[in-house]
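Heads up: the structure comes next, in structure tokens.
Here, each number is a calculation from the coordinates, and none is a lab measurement. This one's a predicted model, so the numbers in the text were calculated from it and none came from an experiment. Note: ideal-geometry Cβ built from the backbone for every residue, glycine included; neighbour counts use all protein chains shown.
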Amino acid sequence: MQTRILLPDQEGIQEASRLLQSGELVAFPTETVYGLGASVFLPEAISKIFHVKRRPQDNPLIAHIAEIEELSLLAAEIPKSFYCLSEHFFPGPLTLVVEKRADVPSIVSAGGPHIAIRMPSHDIARALIRAAGSPLVAPSANLSGKPSSTRADHVLNDFDGQIAAVIDGGACSIGIESTVLSLIGEPMLLRLGTITKEAIEAVLGTQIQVANAFSEKPLSPGMKYRHYAPLAKVRLFESEEGARSYSESSQKRCKILHPTALELYSDFRAADKEGIEELLVICSLEVKRDLALMNRLEKASQ
Ligand code: TXA
Ligand code: MG
């Protein structure tokens, strides 16, 4: 199969939506990272996603919507907190987990009773969902365990020849994945993102829990897998001085990195291309204050 690169214009979006309707996979940009899309209601297409990503079968997918009305196609029960949060943060980088409707294919939720829902703010993503006429499942468009894709060429690096098309919408404006919050029972933060715990608490007017990735039964299956990692060993340093003295004594090919959320995955992928063996990441105070970025760095360094 030849993977087509589609322009983010009306024609490209029409073509992408035709491919999705016929059960093909199309990668598309969102404000966070690129997603690898399939229709929520085409389980055979969704099984291709698991296959090409080499994604563990127990890891559920996020359903992406363009309009709040699509919610009723997906969710069986919508708690009040959903509406409070969606009013503030939709469209945007927040994913909410609620009870799934029984008629949504179970492969979406990896067999579980809950479904993750997000309304991206990216115009191309929303235009594509509308044109496809159905919500789209879209995990990050990367091989499982590898850094997410923030540009179309990253998608091609991982999936050229394996998916029907990618819509090239340039670089993503955020660069790391959405915040994931479960609304099953007491609200519980499952993945950190640019929408912070404090911002969510301010809207809900209550404190929320943060899920423990190391508990015996992780609430979000994705938490238990090593993630976001380049081939290079990632080492975290407090200062550039420490990293420099490490690299002087190391026999390996080292590179020092001053990370930003926007460029992190691009930098990881570039390091792999350059054959870097050890990536020495400087965690300045500013970096440390960005909890979502620190979370990705810590996972990559495990
Ligand atoms: O920013 C994003 O969320 C991107 C863009 C493309 O929208 N998507 C993304 O999808 O990061 P993915 O599949 O790479 O990560 C989804 C995370 C996984 O950790 C998964 O375990 C969790 O959300 N998740 C999905 N459905 C869930 C559910 N029903 N219950 C708990 N966690 C769920
Ligand atoms: Mg992912």
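General observations
- Anisotropy class of the range 87-180 from Cα gyration tensor, a/c 1.5 cut: prolate
- Helix 80-89 axis versus longest C-alpha principal axis of the chain: approximately 60°, rounded to the nearest ten.
- Two-site FRET efficiency, residue 14 against residue 84, from Cβ-Cβ distance with R₀ of 45 Å, rounded to 0.05: 0.80
- Between residue 298 and residue 106, the distance separating the two model label sites (each 7 Å from Cα on the Cα→Cβ line) works out to 3.5 nm.
- Theoretical FRET efficiency, 1/(1+(r/R0)^6), r = Cβ-Cβ of residue 249 and residue 274, R0 22 Å, to 0.05: 0.60
- Summing charges over neighbours of residue 208, with a neighbour being any other residue whose Cβ is under 11 Å away from its Cβ, gives -2 when K and R count +1 and D and E count -1.
- Residue exposure sequence - 287, 26, 281 - by fewest surrounding Cβ within 10 Å: 287, 281, 26
- Across the alpha-carbon set of the range 111-152, the Rg to Rh ratio works out to 1.01, Rh being the Kirkwood radius.
- Cα shape, the range 25-114, gyration tensor, a/c 1.5 rule: oblate
- Each label point was placed 7 Å from the Cα along the Cα-to-Cβ direction; for residue 76 and residue 289 their separation is 4.4 nm.
- When only Cα pairs below 8 angstrom with a gap of at least 6 residues are kept, the chain shows a relative contact order of 21 percent.
- Model label zone, residue 160; criterion: amide N under 20 Å from point 7 Å along Cα-to-beta-carbon; scope the range 34-58: 34-37, 52-54
- Sorted fewest first by neighbouring Cβ atoms within 10 angstrom, 117, 176, 282, 46 come out as 282, 46, 117, 176.
- In this structure, the pairs whose alpha-carbon distance is over 32 Å, taken from 100/273; 48/197; 48/233; 100/197, are 100/273; 48/197.
- Each of 32, 206 was scored by other Cβ atoms within 10 Å of its Cβ. Arranged with the fewest first, they read 206, 32.
- Given in Å, the Rg to one decimal and the Dmax to the nearest whole number for the Cα atoms of the chain are 19.1, 59.
- Taking the longest Cα principal axis of the chain as reference, the axis of helix 240-249 is set at about 70 degrees.
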